[in-house]
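Worksheet for the structure shown next.
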Amino acid sequence: MKVVLSGVRPTGKQHLGHWIGTLSNWIELQQQYQCFFMVADWHAFMSEYKDLSHIKEYSFDNVCEWISYGIDPARCVLFEQSKVGAHLELFLLLSYITPIGWLSRCPTFKEQIKQLKDKEINTYAFFGYPVLQSCDILLYKTNFVPVGEDQLSHLELCREIVRRFHHLYKKQTFIEPQPVLTPIPKLAGLDGRKMSKSYDNFIALDEEDAVIEKKILSMITDPARKKRTDKGHPDICTVFAYYTIFKKEEKEDVRQGCMSAQRGCKECKKALADSFKVFIGSRREKKKELMKKKDYIRDILKEGNIKANAVASKTLEEVKAAMKI
Ligand code: TRP
Ligand code: SF4
């Protein structure tokens, strides 16, 4: 069976952007592939090192959420990166062969330093972020990596590292992974910018009903539509964008109603909020139950860590043999 691996940094609560960009994809992929889904805590530490007090809590929270949204722990290996020692060992070995120029050319590096100014991530470790990500992928002989567009450069770097390794040591040790892109590259947040924790414009995957309603009602719409009787322009309205993603079957009706001013924005938002209350609500309640079963979740991760360790340490041995270490 072909292998899929993906990871999430446990730096906060997950939101609809994660659902669209990552989690919904995972749920499809688990039907056909051997999937490894990882809590990327070493990666989280790279940006959060000043205050690590919440990472454990978010790891637990995120894993419960994956399961409540449909990740099946019986089919997939759910594991914690920091519990599989091979990741760090390979991180050093691949660092030997990764030219500095490849990393400094990575667009995400400069971009993130600019965006996360207060985190001071102009560090040695953060510079190597894509190398560690390559280790995550390569240790499991991953064929497919579901990623957002922003991560494509990391995957390309990973493929370059593979080719350089094979060229240097003349032994086919790794598999060159392929990206699996999500159909919707970026989900807009409540204010129309990309949905993101740092913009505080998100709807959490465990949001309470009243908050869902309040947040959706606060969404920006067509700015030119000042009065109820003004005709709307759905194509520039974020609420409409949500209909096209989450409620495709109503999309055309909404478009017609909006453009002819038969549909009001408040009613349009209310209907959207109601469907999110159903969608998020059922999963939120399931998650609440899971959060109470601490031992059950811990056992899933323990078992996942054992399975991940078995695969990863075998690959690491192959790497060392190829390098004659
Ligand atoms: N860099 C990814 C992100 O920020 C998280 C991640 C870490 C990852 N290791 C990975 C994703 C390996 C895919 C494969 O979303
Ligand atoms: Fe947007 Fe709906 Fe208002 Fe049209 S009616 S502008 S689609 S919120």
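The values are calculated or read from the model by the stated rules, or taken from the named source; none is laboratory data. Since the structure is predicted, the reported quantities are computational estimates derived from the model, not experimental observations. Cβ placement follows ideal geometry from the backbone for every residue including glycine, while neighbour counts extend to all protein chains displayed.
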Can you confirm whether the range 197-208 contains a residue that is of a type in the set (Gly, Ala, Ser), within 16 Å of ligand 1 (Cβ to nearest atom) and either farther than 24 Å from residue 279 by Cα or free of Cβ contacts under 8 Å to residues at least 60 places away in the same chain (or both)? yes
What is the one condition in (1) of a type in the set (Asp, Glu); (2) under 29 Å from the mean Cα position of the chain (by Cα); (3) not assigned by TED's automatic domain parsing to the domain that holds residue 140 that residue 252 does not satisfy? (2)
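Conditions (1) assigned to a helix (DSSP H, G or I); (2) out of contact with any Cys (no Cβ under 9 Å at 6 or more places or on another chain); (3) among the basic types (Lys, Arg), marked per residue:
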{"position": "4", "(1), (2), (3)": "no, no, no"}
{"position": "11", "(1), (2), (3)": "no, yes, no"}
{"position": "23", "(1), (2), (3)": "yes, yes, no"}
{"position": "31", "(1), (2), (3)": "no, yes, no"}
{"position": "38", "(1), (2), (3)": "no, yes, no"}
{"position": "82", "(1), (2), (3)": "yes, yes, no"}
{"position": "92", "(1), (2), (3)": "yes, yes, no"}
In the range 103-218, which helices (runs of 4 or more DSSP H) lie fully inside it and hold 3 or more residues that are modelled with pLDDT under 95 and in the same structural domain as residue 63 (by TED's automatic domain parsing)? 107-115
Please find, among 270, 194, 251, 214, the residue that is closer than 30 Å to residue 158 by Cα and out of contact with any Asp or Glu (no Cβ under 6 Å at 6 or more places or on another chain). 194
I want to confirm something. Restricting to the range 132-151 and keeping residues that are under 18 Å from the mean Cα position of the chain (by Cα) and among the aliphatic types (A, V, I, L, M), which single residue is nearest to residue 85 (Cα to Cα)? 132
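For (1) out of contact with any strand residue (DSSP E or B) (no Cβ under 9 Å at 6 or more places or on another chain); (2) near ligand 2 (Cβ under 9 Å from one of its atoms); (3) closer than 14 Å to residue 16 by Cβ; (4) not β-branched (Val, Ile, Thr), each residue gets a yes or a no:
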site	(1), (2), (3), (4)
238	no, yes, yes, no
249	yes, no, no, yes
254	yes, yes, no, no
265	yes, yes, no, yes
277	yes, no, yes, yes
282	yes, no, no, yes
288	yes, no, no, yes
295	yes, no, no, yes
299	yes, no, no, yes
Leading residue by the ranking (farthest from ligand 2 (Cβ to nearest atom)) among those in the range 2-19 that are in contact with a helix residue (DSSP H, G or I) (Cβ under 7 Å, 6 or more places away or on another chain) and among the hydrophobic types (A, V, I, L, M, F, W, C): 5
Top-ranked residue in the range 1-60 [being within 14 Å of residue 182 (Cβ to Cβ) and of a type in the set (Phe, Trp, Tyr); ranked as farthest from ligand 1 (Cβ to nearest atom)]: 19
Restricting attention to the range 277-314, which residues are within 19 Å of residue 140 (Cβ to Cβ) and surrounded by fewer than 18 Cβ atoms within 10 Å (Cβ to Cβ)? 302, 303, 306, 307, 309, 310, 313, 314
The range 66-80, subset touching a helix residue (DSSP H, G or I) at 6+ places or on another chain (Cβ under 7 Å) and part of a loop (DSSP other than H, G, I, E, B), residue surrounded by the most Cβ atoms within 10 Å (Cβ to Cβ): 69
Going by what's in this entry, would residue 91 be described as among the hydrophobic types (A, V, I, L, M, F, W, C), in the same structural domain as residue 166 (by TED's automatic domain parsing) and farther than 29 Å from residue 167 by Cβ? no
